[in-house]
Amino acid sequence: MPYITIPVKQAGYQLSIDDIIYGIDEATFQAQLNKKDMNDTRTAYRRSTPGRLLEQIHFDEMVDALKAFNQKYETLIAMEDKTPLYRSFKIPKRSGGLRPIDAPKDELSIALYELKSILEHKMFASHHTCAFAYVSRRCAIDAVKRHQANRSRWFLKLDFHNFFGSTTLEFVESQLKMIFPFNELYLRADGAEELHKALSLCFLRGGLPQGTPISPMLTNLFMIPIDHAIAKIARGNTPYLVYTRYADDILISSDISFKWREVQDTILGIIDAFKAPFTLNTAKTRYGSSAGRNWNLGVMLNKDNKITIGHAKKKLFKVKVYSFMRDFAENNPWSIGDTQSLSGEIAYYRMVEKDEVDKIIKFYSEKFNRDVMATIKSILTAA
């Protein structure tokens, strides 16, 4: 009973999943699965894996890749206490407080990058189309744009509690047993054994550590059945609901008001049905309209259905650009880290309000008779 997820081009959405599975030859199928520039996907739930699909997948090669990986990193996998393989620290959370991060040291990091590549390229590890975090060529703004396209005015914001830390190896494997092609590997004794060994390297103190190269990809992978179930309920709801997930942040919206408590209860039921070790942090649940302060994933979707960084952030941004250029003019240039931070902020804000940000950059370039972006580049390239 697998969930089958295949990358598709947006323009190809008129095709059904059956068209994709049954109506293409092997070469086309393989090419489609390997197109990593396709960030939209199509997921279908089937009672069994179609025979035609099984014929096109090389399971022996998958098992061989896992065996080679496990032999190469046998010493790391055998370590009962993997704490020495990590550096632990905390970073500020957007909502306040500190987020604990466990970052792997070089030896483990190299191994996890290698395993991530095997899962993505040999086993076509993917994501549900409603997932936007940790996906190539997707960002938080793209998630908000999906709600903007619906001209949504009412928004339900939900948050998973301890999403990474509570996720166990047992739960991840229980999910993968429902997701193609992993479900087929678990039917083979050697496949199940090798996959279990490899995945055990991804966990620390019984949970998924934040800060590794593979944890984000694994969350999108094991969430496919849950994302699929929530998206299906959202599409069939009256009124129609738009569902997106950005890591542990869920956003559900509609163009008219809806019974948000019933929606929340339904999602809690779905989480329960999959025996997920995490749940919703209902204390953080928010419901309201775009007539108010409708902040979503760091940006505002206002009453005019426009995505903006907001007046206060725009004002602070102007101050930062002015300070950067003034300090440079006074022969007191910013540090590499602060300059990189400003450069990143400019890039992000341009994705939200390009014309407005370019207008600000132009204003201060003319004011100081020196191009802002060229000044940033001169500091970064001099490092």
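All of the numbers you see were taken from the coordinates with simple rules; none came from a lab. The shown structure was predicted, so the numbers you read here are calculated from the model rather than taken from an experiment. Ideal geometry is used to build each Cβ from the backbone, glycine not excepted, and the neighbour counts take in all protein chains shown.
Counting 0.36 nm for each residue step from Asp106 to Ser335 and taking away their Cα separation leaves a gain of 79.8 nm. Relative to the longest principal Cα axis of the chain, at what angle does helix 311-329 sit, 0 to 90 degrees, rounded to 10? Around 70 degrees separate the two axes. Here Cα extents along the principal axes in Å was calculated from the structure, and among [x] 73, 45, 37; [y] 69, 53, 43; [z] 58, 55, 53 it sits at label [y]. Bridging of Lys67 to aspartates and glutamates at a Cα separation below 18 Å is possible for Glu114, Glu120, Glu173, Glu184, Asp190, Glu193, Glu194, once same-chain residues fewer than 8 apart are set aside. For segment 258-383, a/c is not less than 1.5, where a ≥ b ≥ c are the root eigenvalues of the C-alpha gyration tensor, and a/b tops b/c. That puts it in the prolate class. With a simple spin-label model that places each label point 7 Å from the Cα along the Cα-to-Cβ direction, the separation between Glu356 and Ala312 comes to 1.5 nm.
Summing +1 for each Lys or Arg and -1 for each Asp or Glu among the other residues whose beta-carbon sits under 13 angstrom from that of Pro104 gives 0. Cross-link partners for Lys315 among the lysines, with Cα-Cα distance under 21 Å and sequence neighbours closer than 8 places in the same chain left out: Lys303, Lys306, Lys354, Lys359, Lys362, Lys367. The angle between the Cα long axis of helix 336-367 and the longest principal axis of the Cα atoms of the chain comes to about 60 degrees, rounded to the nearest 10. Based on the Cβ-Cβ distance from Lys90 to Thr285, what FRET efficiency comes out when R0 is 22 Å, to the nearest 0.05? E(calc), rounded to 0.05, equals 0.30. At an R0 of 22 angstrom, the distance between the Cβ atoms of Lys232 and Asp255 translates into a FRET efficiency of 0.65. What angle, in degrees between 0 and 90 and rounded to the nearest 10, separates the Cα long axis of helix 106-121 from the longest principal axis of the Cα atoms of the chain? Roughly 70 degrees between the two axes.
Structure note, pairs Lys82/Lys232; Lys116/Lys259; Lys284/Lys313: Cα-Cα distances above 28 angstrom occur for Lys82/Lys232; Lys116/Lys259.
Counted over the chain, the DSSP beta bridges are approximately 95% antiparallel. For the pair Met79 and Leu380, label points projected 7 Å from Cα toward Cβ lie 3.4 nm apart.
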